Amino acid sequence: MTETLPEYYFRVRENGAMVFRVNAENRMRRIEMDQIAVVNIKNGEIKAHGQTELSEADRLAISNWLEARRAELAARDIDDILRTVDRLNLTAVWAQQRATPEDLERVSDALLLAMHDLRSVLVRKKSDHLRKGNEE
């Protein structure tokens, strides 16, 4: 473990995090983590925990974490999509070179419906974007 601990610890949850203040400055040198807040990543809401009064430094640290977390999740989303493109390419190779007729029968309908749905969404979004660009 490092010599200096961070001042805050963020226990990530599906929709945000629980925020703890880290303290190792006690007689027994044990690490204490006191929950001070809950943060919602979707709406940016920061709720103090219990009777805790959040300082300006607390709010700033939480806001900085929230901004960094949103950027990290956005980057992961793009990475997931690019991995999906790779998987689609690998699936095409599999279907062309290795899939048995039984394999294709098992997956074709689900793949075709999912690809049709995705294509519809992408075409509609692209069209809306182009239309807005022409209106400006």
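Going through the range 8-27 one residue at a time, which ones are touching a helix residue (DSSP H, G or I) at 6+ places or on another chain (Cβ under 7 Å) and farther than 15 Å from T52 by Cα?
Within the range 8-27, just F10 meets the criteria.
Inside the range 19-73, can you point out the residues that are within 22 Å of T4 (Cβ to Cβ), hydrophobic (A, V, I, L, M, F, W, C) and outside any strand (DSSP E or B)?
The answer is A24, M28, I31, A57, L60, A61, I62, W65, A68.
Here is a list: L54, L82, L66, L73. Which entry is modelled with pLDDT of 95 or more and within 30 Å of S108 (Cα to Cα)?
Numbers: L54 fails: within 30 Å of S108 (Cα to Cα); L66 fails: within 30 Å of S108 (Cα to Cα); L73 fails: within 30 Å of S108 (Cα to Cα).
It is L82.
Report whether or not T52 is surrounded by 13 or more Cβ atoms within 10 Å (Cβ to Cβ), over 26 Å from L122 (Cα atoms) and free of Cβ contacts under 8 Å to residues at least 24 places away in the same chain.
Working: surrounded by 13 or more Cβ atoms within 10 Å (Cβ to Cβ): yes; over 26 Å from L122 (Cα atoms): yes; free of Cβ contacts under 8 Å to residues at least 24 places away in the same chain: yes.
Considered against the rule, which asks whether it is surrounded by 13 or more Cβ atoms within 10 Å (Cβ to Cβ), over 26 Å from L122 (Cα atoms) and free of Cβ contacts under 8 Å to residues at least 24 places away in the same chain, T52 comes out as yes.
Name the residue, out of D80, D117, that is closer than 30 Å to V38 by Cβ, of a type in the set (D, E) and either out of contact with any His (no Cβ under 9 Å at 6 or more places or on another chain) or surrounded by 10 or more Cβ atoms within 10 Å (Cβ to Cβ) (or both). Outline the logic, then answer.
Numbers: D117 fails: closer than 30 Å to V38 by Cβ.
Result: D80 is the single residue among D80, D117 that is closer than 30 Å to V38 by Cβ, of a type in the set (D, E) and either out of contact with any His (no Cβ under 9 Å at 6 or more places or on another chain) or surrounded by 10 or more Cβ atoms within 10 Å (Cβ to Cβ) (or both).
Are there any pairs, at least 6 apart or on different chains, whose C-beta atoms fall under 8 Å, with the first in the range 75-100 and in contact (Cβ under 8 Å) with a residue 40 or more places away in the chain and the second of a type in the set (D, E, K, R) and loosely packed, with under 10 Cβ neighbours inside 10 Å, and if so, which?
Here the result reads none, with nothing in the range 75-100 linked to a residue that is of a type in the set (D, E, K, R) and loosely packed, with under 10 Cβ neighbours inside 10 Å.
Is one or more of the residues making up the range 93-106 over 16 Å from the mean Cα position of the chain (by Cα), in a loop (DSSP other than H, G, I, E, B) and within 30 Å of L5 (Cα to Cα)?
Start the filter on the range 93-106 by keeping residues that are over 16 Å from the mean Cα position of the chain (by Cα), which leaves 93-106.
Okay, now just the ones that are also in a loop (DSSP other than H, G, I, E, B), so 98-100.
Filter once more, so that each one left must be within 30 Å of L5 (Cα to Cα): none.
No: zero hits.
Evaluate the following for R11: is it surrounded by fewer than 13 Cβ atoms within 10 Å (Cβ to Cβ) and of a type in the set (K, R)? Before you say what the answer is, go through the steps one by one.
Details: surrounded by fewer than 13 Cβ atoms within 10 Å (Cβ to Cβ): yes; of a type in the set (K, R): yes.
Yes, satisfied.
The values are calculated or read from the model by the stated rules, or taken from the named source; none is laboratory data. These numbers come from a predicted model, not from an experiment. Neighbour counts are summed over all protein chains in view; Cβ atoms, including those assigned to glycine, are modelled from backbone coordinates with ideal geometry.
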